[in-house]
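Taking it in order: structure first as structure tokens, then the write-up.
No value in this document is a laboratory result; all are computed from the given coordinates. Everything numeric here is computed off the predicted structure, so don't read it as measured data. Reconstructed Cβ throughout: ideal geometry from the backbone, glycine too, with neighbour counts over all protein chains shown.
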Amino acid sequence: MSVQTAEEILNKHLIPANAMIEFAKLHVEAALKEAINNVRIIDDPNSYCGNTGSEYPPDQILDTDAILNSYPLENIK
């Protein structure tokens, strides 16, 4: 996904504050879309059932690292 750079947006606007608001909105929207695409459910490493050889499956949780790392800060220029 390609999002406009801050410089491209600034060149398009006469008022810098409006440009920065647009820049922020574009990147938040892109980050949220990437987070949705990277949502994963994993076995909870702290689950009692999964660690004891129980007949029950381990609890499952959201992989928050996958979500938090889905939109690299290098995309914001």
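Working out 0.36 nm times the residue gap between Cys49 and Leu26, then minus their Cα-Cα distance, what length gain in nm do you get to one decimal?
Residue separation times 0.36 nm, minus the Cα-Cα distance, leaves 4.0 nm.
If you line up the long axis of helix 16-37 against the longest principal axis of the chain, both from Cα atoms, how many degrees apart are they, to the nearest 10?
Helix 16-37 and the main axis of the chain meet at about 30 degrees.
Could you work out how much longer the chain between His13 and Ile36 gets when fully extended? Use 0.36 nm per residue separation minus the Cα distance between them, nm to one decimal.
Here the answer is 5.2 nm.
Name the aspartates and glutamates eligible as straight-distance cross-link partners of Lys33: C-alpha to C-alpha under 17 Å, and not fewer than 8 places from it in the same chain.
Glu22, Asp63, Asp65, Glu74
Just going by the charge dipole of the range 18-77, with Lys and Arg at +1 and Asp and Glu at -1 on Cβ, which of Thr64, Phe23, Pro45 is farthest out on the positive end?
Positive-most Cα among the choices belongs to Phe23.
Below 21 Å, Cα to Cα, which lysines can Lys12 reach? Residues fewer than 8 away in the same chain don't count.
Here the lysines satisfying the reach criterion relative to Lys12 are Lys25, Lys77.
Can you put Glu22, Glu8 in order of Cβ neighbours within 10 angstrom, beginning with the fewest?
Glu8, Glu22
Placing unit charges on C-beta atoms (Lys and Arg positive, Asp and Glu negative, everything else neutral), compute the dipole magnitude of the chain about its Cα centre in debye, rounded to 20.
Using only the charged Cβ atoms, the result is roughly 420 debye.
At a 10 Å Cβ-Cβ cut-off, how would you order Val39, Val3, fewest neighbours first?
Val39, Val3
Using a 10 Å cut-off around each Cβ, can you sort Ser47, Ser2, Ser54 from fewest to most neighbouring Cβ atoms?
Result, fewest neighbours first: Ser2, Ser54, Ser47.
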